[in-house]
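These notes concern the structure reproduced below.
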């Protein structure tokens, strides 16, 4: 009898648990789709969603992250100063966070304190390392602000013209096409020059992307378009000023920077005029009006602080997706795949091993990018080559976190120069390798389009 | 067989009990939802709007005090202007208890409260032929606008400013700094809460009910509690603004060193957070939500606010000295602030997620 009791008892327990079993909606692949950044995901959907640290940092590491956070937010001032000196003499903005608002993106204005748009400049040809050829007196980037007593290199005028687009179903969406012109140039430029606008991109998941192996990125290339989807893709190989080597480019809107260290140090140097051990020379060094600038041999940003900012950026968490079980969102995701948005905005990949940071090591991530360059058509072209990137090519923008931009920025803007005011406008600007997908999008019914956009909003 | 029945009964009991969800039925759900709406509306109408209106009147008073100082440069008028600066500073620091909406989205915070002051550029500005009208100030970098450059002008290093030492240019700069704060920042900040197109008070009040800013009421409560709100300011004060000068033993990186206002700035930040929790001007606060369901949590939060705010009074020297001379008291205060932040960030946030369902 005892056995019976035990059996009945066990049965009772089994029933107890099985009756409580909710028909759990596990995604078929066996992963929780909300966890865009794997272990480096954070469940937060507030305006601060991009600013949070990955979990599991030790007290010491959390302290390094916090100091990096403070320096990221810190306004720099003109030298000499006992604290946070080094701004200028010419610059685009005074702190990281003034452009990367709430660690998100910038606002597409230039020359103001809230400006998040900057312009690269070069003349035809390439430099010794295959990169853009600097314009004498200007370098490779226009600094449109300056400390008092110094003249900004130029003023950038931004004007938009309306471009209506009509769907087959008769719906009209009006895009705005930007026109950029330079005024008040401190020095005339002889010969032709090329401009490339770059809106400060969100800081989402950069540590994870740095950790994506080169082979993984290359595996996405379809050079001869063997599958006939119109998408080829190309990796950018660029010269790293710090390692002095050609490396695969991952960061920057044209994938022209291989590492976060170089990306951050170059932003300090070019955007703020703050030098460091990685970029020790003032952006203005050698220019005509910079005769007063000290030789640029003393880094203005302490080595430790640059390293702390690097650690901060690497250890920022990716916000989790929302509404993944919503029926419309799921349909939108199917459409996203069906019309091959996922051909470039790749949903899944795995990061490489990094024994120093388990949270970003060997993680299954959903960045929705292939980190490759693609021809995006004439409408989006800047017509300014950048290493292997042609004037028509841009790196696929990761889409994780894109549904939160409205909250983090206040007003969201999309694409490399913020010309798109909605995700729909951004899609309609796609062309070149994305032409088939864009056309397929336009053929969708308005309710299908809404579902696709709702899916994007869940990222 | 009796035993068998017993086991079956046990099994069924287990089934039922293990399926039991901790369904809270506190009071009536409807009244809690009504209370939520009251707390939200009262935050907008009784806390945020009157506090922002306070800032406007304090900024008007500062403008007039600085203008008087400009036309009649006496030490008495300098002292009035200094007092007016401190009054405005108090109003602003308390409003930092809720850095939500336009104050950040439209950059009114960095336009007026950027730190540190860029002294190198400030010197070149005063030496330049800039007319220093209010419109000129608005075009300057943020480190040359707002509270801290004005503080530097009014108080000088170590509070050493005298009326006789003020030059005509410095006086013009002060007048325009005060005007830039009032006309280009504080007045527009208030307007953005009360009128179109932003009308942020309305966006708050309609949270979960058509608001563009807050799709759910919970979004609002979490915003006002988290990094943009109460927990955020406790963390900023306790773990950053107090901690950095303390741990580095560096008195050059404190908040308001010229006016000796640093510690009061910090305290007013925490009072600002407490205002959100308790409610102001007879309005209901988040405390009413908490107390209706979990009186012990409410007591805990209120006690921790009180403990943190009282701990400020143990520091009797200016903060720039206290980091050297009163390290025990400073550490105790930071510990209180950290404890407060943890309660808000964990206990209160969990409470809100558990009870606020719309």
Practice prompt. Look at residue A:170 and say whether it is more than 14 Å from every other protein chain (Cβ to nearest Cβ), exposed (fewer than 15 other Cβ atoms within 10 Å of the Cβ) and without any contact (Cβ under 8 Å) to a residue 40 or more places away in the chain.
Written response: yes
Discussion item. I'd like to verify a number: residues in segment A:68-88 that are touching a residue at least 60 places away in the same chain (Cβ under 8 Å), surrounded by 23 or more Cβ atoms within 10 Å (Cβ to Cβ) and within 26 Å of residue A:285 (Cβ to Cβ), how many?
Written reply: 5
Practice prompt. Could you grab me the full set of residues in segment A:222-241 that are touching a helix residue (DSSP H, G or I) at 6+ places or on another chain (Cβ under 8 Å) and either outside any loop (DSSP other than H, G, I, E, B) or surrounded by 22 or more Cβ atoms within 10 Å (Cβ to Cβ) (or both)?
Written response: A:231, A:233, A:240
Discussion item. Take the residues in segment A:94-129 that are in a loop (DSSP other than H, G, I, E, B), free of Cβ contacts under 8 Å to residues at least 40 places away in the same chain and surrounded by fewer than 20 Cβ atoms within 10 Å (Cβ to Cβ); name whichever of them is farthest from the chain's Cα centre (by Cα).
Written reply: A:128
Fill in: Selection from segment A:242-254 of residues that are surrounded by 17 or more Cβ atoms within 10 Å (Cβ to Cβ) and part of a loop (DSSP other than H, G, I, E, B)
A:249, A:250, A:252, A:253, A:254
Practice prompt. Would you be able to say whether some residue in segment A:413-426 is more than 23 Å from residue A:101 (Cβ to Cβ), crowded, with 22+ Cβ neighbours inside 10 Å and at pLDDT 95 or above?
Written response: no
Response to the item:
Given (1) touching a strand residue (DSSP E or B) at 6+ places or on another chain (Cβ under 9 Å); (2) closer than 26 Å to residue A:450 by Cβ; (3) surrounded by 22 or more Cβ atoms within 10 Å (Cβ to Cβ), residue A:373 misses just (2)
Discussion item. Anything in segment A:209-221 that is in contact with a helix residue (DSSP H, G or I) (Cβ under 9 Å, 6 or more places away or on another chain) and free of Cβ contacts under 8 Å to residues at least 40 places away in the same chain? List them, or say none.
Written reply: none
Fill in: Test result for residue A:203, in contact (Cβ under 8 Å) with a residue 24 or more places away in the chain and crowded, with 16+ Cβ neighbours inside 10 Å
yes
Item to complete: Please report, ordered by residue number, the helices (runs of 4 or more DSSP H) entirely within segment B:63-127 with at least 2 residues that are crowded, with 20+ Cβ neighbours inside 10 Å and within 14 Å of another protein chain (Cβ to nearest Cβ).
Response: B:102-105, B:108-113, B:119-127
Discussion item. I'd like the residue in segment A:76-93 that is more than 13 Å from residue B:116 (Cα to Cα) and in a strand (DSSP E or B) and, out of all such residues, is nearest to the other protein chains (Cβ to nearest Cβ).
Written reply: A:91
Practice prompt. Could you list all residues from segment A:146-167 that are touching a residue at least 60 places away in the same chain (Cβ under 8 Å) and under 25 Å from residue A:392 (Cα atoms)?
Written response: A:160, A:165, A:167
Worksheet item: Of the residues that sit in segment B:272-296 and are touching a helix residue (DSSP H, G or I) at 6+ places or on another chain (Cβ under 8 Å) and over 20 Å from residue B:223 (Cβ atoms), which one is surrounded by the fewest Cβ atoms within 10 Å (Cβ to Cβ)?
Response: B:282
Worksheet item: Which one of these is part of a loop (DSSP other than H, G, I, E, B), more than 11 Å from every other protein chain (Cβ to nearest Cβ) and touching a helix residue (DSSP H, G or I) at 6+ places or on another chain (Cβ under 9 Å): B:260, B:227?
Response: B:260
Worksheet item: Can you name the residue in segment B:232-249 that is in contact (Cβ under 8 Å) with a residue 60 or more places away in the chain and at the interface with chain A (Cβ under 10 Å from one of its Cβ atoms) and is also nearest to residue A:85 (Cα to Cα) among such residues?
Response: B:243
Worksheet item: residue B:208 fails exactly one of the following numbered conditions: (1) over 21 Å from residue B:111 (Cβ atoms); (2) within 14 Å of chain A (Cβ to nearest Cβ). What is the number of that condition?
Response: (2)
Response to the item:
Expected single match for buried (at least 18 other Cβ atoms within 10 Å of the Cβ) and modelled with pLDDT under 95 among B:198, B:225, B:206, B:252 is B:198
Worksheet item: So is residue A:49 over 25 Å from residue A:198 (Cα atoms) and either within 13 Å of chain B (Cβ to nearest Cβ) or touching a strand residue (DSSP E or B) at 6+ places or on another chain (Cβ under 6 Å) (or both) or not?
Response: no
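The values are calculated or read from the model by the stated rules, or taken from the named source; none is laboratory data. All of these numbers come straight from a predicted model, not from anything done at the bench. Positions of Cβ are generated from backbone atoms using ideal geometry, with glycine treated the same way; all protein chains shown enter the neighbour counts.
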